[in-house]
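Readers should treat all values here as calculations from the given coordinates under stated rules, not as data from a laboratory. Source: prediction; values computed, not measured. Cβ placement follows ideal geometry from the backbone for every residue including glycine, while neighbour counts extend to all protein chains displayed.
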Amino acid sequence: MNKLIIHQFECLSDNYGVLIHDPETNQTASIDAPDAMAIKKELENKKWKLTHILVTHKHLDHIGGLDDLKKDYNPFIIGPKYEEESIELLDKTVLDQEFFDFANRPVKVIHTPGHTLGHIVYWIENDNLLFAGDTIFAMGCGRVFEGSHDQMLASLNKIKNLPENTIVYCGHEYTIANANFALSIEPNNKNLCSRIEQVKELRSENKPTLPTTIRIELDTNPFLRTDSPEIQRSLNLLNSDSKNIFSKLRTKKDSF
């Protein structure tokens, strides 16, 4: 089986568009639809025809291009069952732990409430790929708009338990801001300090800091590191439980 070709590009103010192409079947999926014009341009450059859109959640910067893309390509649009009333044009709705086929490989749906209550992510185990929307970012996680902190922690734990070599594509380029917060909480983390230098260099050259991997996030993302004594001490929560630590981290980040 051929490996999927992944094409990532920046659009809107800080979103990432991601196209997944299978040269064997010629199927091409867009992860979300942040910007129809940008997606069309990338499809034309690649000479790919859009066959699928995989929607992670209902926020406008992830579904704003659905209408135009449906008119131009008539792709098969898949999205979260719990948000079907907020997302028009869905051809198929999916639930937690459900599988569907894309390019002759199973795609697993994982429900990750927190950022929104219906948020889902897509895991393609055959290719070690996770398309995470706004649940996790490089050295960060999504703001908790609708769910609870406990829900978001549980969602991140689902991601944390995926294979460490999983390549993670996220919805936004928030890495520098996330890195600055992570450093303020865990300044003696050598992996973090090293990663921040790499990230600064990439951004100075206007290059993306994504994708990341589960392994890199386990080493550097404070929201996956509630067991770190340094983070616990920074929050005055030494030996507290992970729910308290995560909640304080997320609250601090909201006003950082």
For the chain, the spread of Cα positions along each principal axis, largest first, Å | 54, 39, 34
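Contour minus end-to-end for residue 215 and residue 238, with contour as 0.36 nm per residue of separation and end-to-end as the Cα-Cα distance? Before the final figure, lay out each step's value.
Values: separation 23, 0.36 × 23 = 8.28 nm, distance 2.44 nm.
Length difference between fully extended and current span is 5.8 nm.
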Amide H within-cut-off set for residue 102, under 5 Å, with H built and near neighbours excluded = 107
Roughly how tilted is helix 36-46, in degrees to the nearest 10 and between 0 and 90, from the longest Cα axis of the chain?
-> 70 degrees
Between rounded, prolate and oblate, where does region 114-201 land on the alpha carbon gyration tensor, with a ≥ b ≥ c its root eigenvalues, rounded for a/c under 1.5, else prolate if a/b exceeds b/c?
-> oblate
Find how many whole Å separate the alpha carbon centroid of region 104-154 from the alpha carbon centroid of region 53-92.
-> 17 Å
Quote the charge dipole size of region 5-169 about the Cα centre in Debye, to the nearest 20; the model charges only the Cβ of Lys and Arg (+1) and of Asp and Glu (-1).
-> 240 debye
Write down, largest first, the equivalent ellipsoid semi-axes of region 175-254 in whole Å, where each equals the square root of 5 times an eigenvalue of the alpha-carbon gyration tensor.
-> 24, 11, 11
Selection of GluC sites (Glu not before Pro), region 26-92, meeting DSSP coil and at most 12 other Cβ within 10 Å = 85, 88
Computed [θ] at 222 nm, deg cm²/dmol, the chain (DSSP H ≥ 4; -39,500 (n - 2.57); rounded to nearest 500) | -10000 deg cm²/dmol
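According to the square roots a ≥ b ≥ c of the eigenvalues of the Cα gyration tensor, what is the shape class of region 7-123, taking rounded for a/c under 1.5, prolate for a/b larger than b/c otherwise, and oblate for the remainder?
Working: a/c = 1.67, a/b = 1.22, b/c = 1.37.
It is oblate, given that a/c is not under 1.5 and a/b is not larger than b/c.
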